[in-house]
Amino acid sequence: MTQLAPQHPPGRWGRRRDWLLGFAVLALLVTAVELSIGWSTLLAPWREVAPLHLAGVLTFTALSYVLRAGRLRTILQPFGIRHFPLLLRLTIFHNVANNLLPMRSGELVFPWLLQRYFGSNLLTAITTLIWLRLFDLHCLVLIALAIVNLREPTLVGGMSAAVWLASLGLIPQLQRLHTAHRLRGDGRLRRVLRQAVQTAPQHWWLIARLYGWTLFIWSFKFAAFVSLLHFFLPLAYWQLWFAVLGAELSSVLPVHGIAGSGSYELAMVAALTPLGIAPQLALAGAVNLHLFLLGSTVLLGALGLLIPVNNRTERHAN
């Protein structure tokens, strides 16, 4: 298949503006923490975290990576891509890039690695990522509805969640509604959207499998993060779930600092402050959880280097 991109990392990773803005946001966060809390005070609780608890949280986080690789294998099977170890390596490095690079530039790692490891067409890689992110977003909204219903169970809340789940039934209808015909043209965005519509999952069993993977991914991640955050913020569990949800939704923002600094903390503080939680307390919890996220990212990224790249499978074109 004709390749649509060069076999090297996208040049945008090195855009000076992104890095300058990212470092500026990071500097603002470091200064804000020192002035409002003090870094020594903020980091002190880590001495009391039980090693077994930390190991359990790290294990659940690692399992969420494995589940992401399983979901990726499921969505790529129609293209003949099934090599799980290499997909796990891709997943790990994609998450490392997302968690460490500024301004969402880490997303560019996914199509580049998919092309490098499997010879995938760039447009196929981009539309695959679009569908994965749509499933993620849909699942996060479902979690938000569940949190609201957990706080105050109502019939309306339960029905809202059911309707939201039923909306997955619109996916197989995209081609039948001729959405693709309204996206004709040669523009790059139109080509990507047209390809995304044309390659939408068409079978109920595939949609159910992909959504099942997605639910497991976020369940493991939320379980890990809520468990650790509870150590720093002894709040009700529905509040902790809401805090983690806010922080995770910050990933859709186009502007954030190096390693997501600033936007991650701001989103969690914004989620907790209306619940009556002091901003300084919320900020301390957000920073500590973010430090764990970054530490686990580096550790799992290093372990990902141990997964070999088999030259016989690296160029398996789809």
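The values are calculated or read from the model by the stated rules, or taken from the named source; none is laboratory data. This one's a predicted model, so the numbers in the text were calculated from it and none came from an experiment. So basically every Cβ, Gly included, is an ideal-geometry build from the backbone, and we count neighbours across all protein chains shown.
Tell me, which residue of the range 67-85 that is basic (Lys, Arg) and touching a residue at least 40 places away in the same chain (Cβ under 8 Å) is surrounded by the most Cβ atoms within 10 Å (Cβ to Cβ)?
Of the residues in the range 67-85, the ones basic (Lys, Arg) are 68, 71, 73, 82.
Then drop every residue that is not touching a residue at least 40 places away in the same chain (Cβ under 8 Å), which leaves 68, 71.
Numbers: 68: 25, 71: 22.
Across the range 67-85, the extreme among qualifying residues is 68.
Residues to consider are 100, 88; find the one that is out of contact with any His (no Cβ under 6 Å at 6 or more places or on another chain), buried (at least 19 other Cβ atoms within 10 Å of the Cβ) and closer than 29 Å to residue 295 by Cβ.
Numbers: 100 fails: buried (at least 19 other Cβ atoms within 10 Å of the Cβ).
88 is the lone residue from the list that is out of contact with any His (no Cβ under 6 Å at 6 or more places or on another chain), buried (at least 19 other Cβ atoms within 10 Å of the Cβ) and closer than 29 Å to residue 295 by Cβ.
Take the residues in the range 240-257 that are over 12 Å from the mean Cα position of the chain (by Cα) and buried (at least 21 other Cβ atoms within 10 Å of the Cβ), then tell me which one is modelled with the lowest pLDDT.
By that ranking, first place goes to 256.
Residues of the range 99-126 being among the β-branched types (Val, Ile, Thr) and farther than 30 Å from residue 20 by Cα, which ones? Spell out the reasoning first.
Within the range 99-126, the subset among the β-branched types (Val, Ile, Thr) is 109, 124, 126.
Selection gives 124 alone.
Among the residues of the range 220-239 satisfying the criterion of being modelled with pLDDT of 95 or more and among the small types (Gly, Ala, Ser), which is surrounded by the most Cβ atoms within 10 Å (Cβ to Cβ)?
Top of the filtered list is 224.
Can you pull out the residues in the range 145-199 that are modelled with pLDDT under 85, over 15 Å from residue 123 (Cα atoms), surrounded by fewer than 13 Cβ atoms within 10 Å (Cβ to Cβ) and of a type in the set (Gly, Ala, Ser)?
185, the sole residue that qualifies.
May I ask you to verify whether residue 277 is in a loop (DSSP other than H, G, I, E, B) and either of a type in the set (Ser, Thr, Tyr) or touching a residue at least 40 places away in the same chain (Cβ under 8 Å) (or both)?
Details: in a loop (DSSP other than H, G, I, E, B): yes; either of a type in the set (Ser, Thr, Tyr) or touching a residue at least 40 places away in the same chain (Cβ under 8 Å) (or both): yes.
When the stated conditions are applied, residue 277 passes them.
Only residues in the range 102-126 that are closer than 20 Å to residue 251 by Cβ count as the first member; pair them with residues that are part of a helix (DSSP H, G or I) and of a type in the set (D, E, K, R), Cβ under 8 angstrom, at least 6 apart or cross-chain, and list the lot.
Every condition considered, the pairs that remain are 102/18; 103/18; 105/12; 105/18; 108/12.
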